[in-house]
Amino acid sequence: MRGLGCALFATCVGAKTMALTIVAPATVTAWLAWLADDVALALVFAAATFWLPRTLAVASYAALTTYIAFNVAVVRAVGRPLVMPMLRGVDPAMRDSAARYLEANFLLPALSVLALAALVPFATRRLHARTVRWGAALALLLALGGLLPTCAPPAQRNAIAALARSAWPRAWAEDIVVDRTPHQPTAAADPALLALAGAARGRSVVIVVLESAAARFLRPYGANHDPMPFVSELAPRSLLCNAAWAVYPESIKGQLALWHSVAPAPDTSVAQHARVPVPGLAELLAPHGYTSGLFHAGRFRFLGMQEVLDAAGFDTLADAATISGTHESSFGVDEESTVAALLRFVDALPSGQPFLAAYLPIAGHHPYSSPPGGPFATDNQLDCYRNALHYADRAVRALWEGLCQRRAAESLLLCVVGDHGQAFGEHAGNFGHTFALFEENLHVPLLFCAPGVTDAGLCCAHPVSHLGVAPTLLDLLGLAPCAAHQGASILRAHPSMTFAFTDWGDQLVAVRDGATKLILDAGTDTAMLFDLDRDAAEGTDLAPAHPAQVARYRAAARAWVASLRRHVGAW
């Protein structure tokens, strides 16, 4: 029995090695951080085996090692082990996405760890008592060393410890340190942008919220490939925002920023956000004669999306459950059927009736499904993703052309925006969109196209976020701003700093000030600093060389999140 603790430790280390390609820690402190949780878990388990009946000890060992092995597949898929926010996010709609990971490159490493867990106890059961005592003493030192502030990267963390820590209520550092938002200087308005205020007065509004569309993969933002040629055609005759961020790199709570110009708050439920007292864009347009409808190729039941959209005030809400599609998946229905449903909504309106129509495609979401015949390869995830974006682009073209057949183009105002980015390992362990705040997670396409007004093309170079979408549309329509909005029209003077956060794994806050960007881990209070002009790939951390800048942006990040928690908590 005394060898089970050693066997558990060996299984933990083996799991880390099999999860991803591990870069050996460079310092003693880093080694301590890398091994500390494994050692602590092994010590606790070894101590427990002295009191547990043999059968229960073996069963506990089997359960722990099975969970650890399962997380090898999870880490290979998303770059980190399971934590409570991820478990709360499990939804039946993810069935097709999860099925894509039932492949050899995900399962074989996990099965290898299971085999290791089964074999190691036979090698350790005859360990001498003196060896166990010395090993326990050394293990205790390592565990204590792990209390040092250095933290192992997410992909290298112990699966059991990561889950246990995430189950405890998390205290964000700014809750304790900061209780007010610092003054942010504003930049002057660009006269060319300011001239657009009111230029689209009376027009119907069409908003396309692209699923998982990272700006870095689109031609207008410098990509070599062109997965969305229609969006590329629109860009030169639109107001194109070069540096737009998602406030929160996840679709559901991110809707709050788009429709209400209010940021969600960390570690707060969807139900709490559904109580938002700020009117949605549809409610603000209704007194001016607008009828509104939102059409989603996915499913509103996904992670509480229905609750958030119910609060947005649309007259009509339609999703995969109500749209009769020709093809269905666990995530939704085909884009063609969704576009047809939106066009029927417009057809049912009286001639000349202004409308707000929102289209939310699901194409672009993992597992990157699309009809056969896309222009890119199908043997790797990135090209499958590009094919999915191309499919979404075809649907957006069909929507726009269908609307222009029904209404004069000069009577329409089109906004195309991404809900968040998508990562493919550009930074170690960064896959998907919710877990990190690098540019591949945050940077989204954003353009406003008003035929007859923006034909010459304009560029908004300063950083903006989802919080500015609704205020900008109101400004283009010549309508009064909403005092409760947290964002402001991008046509006018704007705060110098843009913010984002995520709470799906680590507690991260990002601040952008011009080309300078800080990413703060609020749990450990560590920060990374980047110059996006010189280092667009965010490969060189400048934080050690610029402590004064780090301190300034750290304070701003803490204050911003503190204000969000107070604001949403008051609902």
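The values are calculated or read from the model by the stated rules, or taken from the named source; none is laboratory data. In this text, all values refer to a predicted model and were calculated from it rather than measured experimentally. With ideal geometry, Cβ positions are generated from the backbone for all residues, glycine too; neighbour counts draw on all protein chains shown. For accessibility, only protein heavy atoms count, side chains too; no ligands or nucleic acids. Shrake-Rupley method; radii C 1.70, N 1.55, O 1.52, S 1.80 Å.
So which of A48, A123, A62 ends up being of a type outside the set (S, T, N, Q), closer than 21 Å to L4 by Cβ and modelled with pLDDT of 85 or more?
A62
Please state which of the following conditions H390 fails to meet, knowing it meets all the rest: (1) open to solvent by 30 Å² or more (accessible area, probe 1.4 Å); (2) over 30 Å from A500 (Cα atoms).
All conditions pass for H390, except number (2).
Consider P279 carefully, then state whether it is open to solvent by 10 Å² or more (accessible area, probe 1.4 Å) and either assigned to a loop (DSSP other than H, G, I, E, B) or within 20 Å of V206 (Cβ to Cβ) (or both). Walk me through how you get there before you give the answer.
On the way: open to solvent by 10 Å² or more (accessible area, probe 1.4 Å): yes; either assigned to a loop (DSSP other than H, G, I, E, B) or within 20 Å of V206 (Cβ to Cβ) (or both): yes.
Taking the combined requirement at face value, the residue satisfies it.
Return the pair list, or none, for Cβ contacts closer than 7 Å from residues in region 468-496 that are of a type in the set (D, E, K, R) to residues that are open to solvent by 30 Å² or more (accessible area, probe 1.4 Å) and outside any loop (DSSP other than H, G, I, E, B), at least 6 apart or on different chains.
Pairs that qualify, where the first residue is of a type in the set (D, E, K, R) and the partner is open to solvent by 30 Å² or more (accessible area, probe 1.4 Å) and outside any loop (DSSP other than H, G, I, E, B), are R492/L194.
Of A358, A348, A340, which residue is modelled with pLDDT of 95 or more, open to solvent by 50 Å² or more (accessible area, probe 1.4 Å), within 30 Å of L473 (Cα to Cα) and among the small types (G, A, S)?
A348
For the subset of region 284-326 comprising residues that are at positive phi and more than 19 Å from the chain's Cα centre (by Cα), which member is modelled with the lowest pLDDT?
Of everything passing the filter in region 284-326, G313 is modelled with the lowest pLDDT.
Looking at D506, D541, D525, D475 in this structure, which one is at pLDDT 95 or above, of a type outside the set (S, T, N, Q) and open to solvent by 20 Å² or more (accessible area, probe 1.4 Å)?
D541
Can you tell me which of H443, H433 is open to solvent by 20 Å² or more (accessible area, probe 1.4 Å), at pLDDT 95 or above and under 22 Å from the mean Cα position of the chain (by Cα)?
H443
Just to verify a result, which residue in region 517-571, among those that are of a type in the set (G, A, S) and free of Cβ contacts under 8 Å to residues at least 12 places away in the same chain, is farthest from A274 (Cα to Cα)?
A545
Would you mind telling me which numbered condition in (1) within 20 Å of R299 (Cβ to Cβ); (2) assigned to a helix (DSSP H, G or I) Y385 fails?
For Y385, the failing item is (1).
Is it the case that some residue within region 223-243 is under 28 Å from F331 (Cβ atoms), at pLDDT 95 or above, polar (S, T, N, Q) and open to solvent by 10 Å² or more (accessible area, probe 1.4 Å)?
Yes: one or more hits.
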